[in-house]
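Data first, discussion second: the structure below is written as structure tokens.
Derivation of every value follows stated rules applied to the coordinates shown; laboratory data play no part. Given the structure is predicted, the values throughout are model-derived calculations rather than measurements. Counting neighbours? That spans all protein chains shown, and the Cβs are built from the backbone with ideal geometry, glycine included.
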Amino acid sequence: MVKTTIMLEDKLYRELVNESIKEYGSTRKLSLLINKRLKANRARTSKRKIGIKPIRLGRHITEKEIEKTIDEGWTEAVKWSV
């Protein structure tokens, strides 16, 4: 364990204190609560990184080009289902 000082916004601090009192009955476990939240947040964000990676096309594509491509693809997909 490492002991450090952090500056929290007043509103966030009050929320953490209230949650600590509800969960543990006092503020003595505030560090435990903050550690749990940080770990949970890190686990959530690491899961999100598994998503789709961007493809580099070498040029900027406009919103209209993207919409046109989507419409063309949808038109093709509808033809296949008939």
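Which entry is the computed P(r) over Cα pairs in 5 Å bins from 0, in percent for this structure: [x] 2, 10, 11, 12, 11, 8, 6, 6, 7, 9, 9, 6, 2, 0; [y] 3, 14, 24, 21, 16, 11, 7, 3, 1, 0; [z] 3, 11, 14, 18, 16, 13, 11, 7, 4, 2, 1, 1, 0?
Looking at P(r) over Cα pairs in 5 Å bins from 0, in percent for this model, the match is [x].
Along the charge dipole of the stretch 1-48, which of S31, T4, A43 sits closest to the positive end, that is, farthest toward it, with unit charges on the beta carbon of Lys, Arg, Asp and Glu (+1, +1, -1, -1)?
A43
Note down the net charge around S20, summing +1 for each Lys or Arg and -1 for each Asp or Glu among other residues with Cβ under 14 Å from its Cβ.
Summing Lys and Arg as +1 and Asp and Glu as -1 gives +3.
Please identify every one of the GluC sites (Glu not before Pro) in the stretch 1-74 that sits in a loop by DSSP and has no more than 14 other beta carbons within 10 Å of its own beta carbon.
Counting only loop positions with at most 14 other Cβ atoms within 10 Å, the GluC sites (Glu not before Pro) in the stretch 1-74 are E9.
Given the rule -39500 (n - 2.57) for each run of at least 4 DSSP H residues, summed and divided by the residues of the chain, what is its mean residue ellipticity at 222 nm, to the nearest 500 deg cm²/dmol?
-22000 deg cm²/dmol, from helical runs alone.
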